[in-house]
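To start, the structure under review is shown below, and the notes come after it.
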Amino acid sequence: MIRQSRSFLFVRSAPHGVPCSAPRAANRHPDPRARLDARGFTLIELMIVVFILGILAAVAYPSYVAYVVRGYRSEGQQWLQDFAQRQEQIFLDRRAYATAGLGNGANQLPMLFPEPGTSANQRYNAPNIVAIVGPPAGFVACLQPLDGGPVGAADGGLCIDSTGLRWRDMNSNGSFEAGTDLQW
């Protein structure tokens with residue numbers, strides 16, 4: 001014999017007071033307005049989601065911009081390292097650094113700015129190359145960011161010299177100063 005108590009079924013064969021595992025389904029039809037609410041989201045819920053997405057975007061966007069600038073900076077650094085390597089090769093061949101800049105002429109470094117396949121000229125001005133006649137002979141090459149470009153003047157120029165010192169020139173003077181410039 002089965003008897004009904006509230007929403008649980010009690011079976012005589014089960015110990016007294018132990019409900020069956022499944023509650024009994026209600027026979028009533030739900031309120032029609034409740035079915036309408038279940039179909040969509042309220043304006044408050046949508047506003048909360050938009051607010052949370054706005055916070056995430058406010059946190060993520062500066063991080064993304066810094067990531068992109070680091071990529072642009074590494075492209076300039078790569079160009080300068082290639083330049084220094086070619087200068088060292090010229091020095092080994094001629095016992096002097098190329099002093100007339102970039103190009104295919106006499107005493108020039110056979111190199112283009114930018115190298116094909118790069119976009120460094122969209123982010124940096126043409127390199128400023130200073131040859132040190134010596135003794136000892138040397139060079140300093142710097143790339144300064146374009147005004148209003150994606151890298152920005154606050155990021156500082158990139159420099160490398162014949163001793164292998166590499167730095168971000170924060171004051172744009174072309175020489176390394178330990179207090180203001182950053183090594184890379």
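The values are calculated or read from the model by the stated rules, or taken from the named source; none is laboratory data. Being a predicted model, the structure only gives us computed values, none of them experimental. When we count neighbours, we look across all protein chains shown, and the Cβ atoms used for this are built from the backbone with ideal geometry, even at glycine. Just the protein is used for accessible areas: all its heavy atoms, side chains included, with ligands, DNA and RNA removed. Shrake-Rupley method; radii C 1.70, N 1.55, O 1.52, S 1.80 Å.
Computed quantities for the displayed model
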read-out	value
Residue that is surrounded by the most Cβ atoms within 10 Å (Cβ to Cβ) [pool: residues in the stretch 73-132 that are of a type in the set (S, T, Y), within 21 Å of P150 (Cβ to Cβ) and at pLDDT below 90]	Y124
Hey, A126 out of contact with any Phe, Trp or Tyr (no Cβ under 7 Å at 6 or more places or on another chain) and at negative phi or not	no
Single unsatisfied condition, V59 versus (1) loosely packed, with under 13 Cβ neighbours inside 10 Å; (2) of a type in the set (V, I, T); (3) under 27 Å from D161 (Cβ atoms)	(3)
Residue ID - most open to solvent (accessible area, probe 1.4 Å), chosen from residues in the stretch 160-171 that are touching a strand residue (DSSP E or B) at 6+ places or on another chain (Cβ under 6 Å) and under 20 Å from V68 (Cα atoms)	R168
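Residue-wise test of (1) touching a residue at least 24 places away in the same chain (Cβ under 8 Å); (2) over 25 Å from I90 (Cα atoms); (3) among the aromatic types (F, W, Y).
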position	(1), (2), (3)
P135	no, no, no
A154	no, yes, no
G174	yes, no, no
A178	no, yes, no
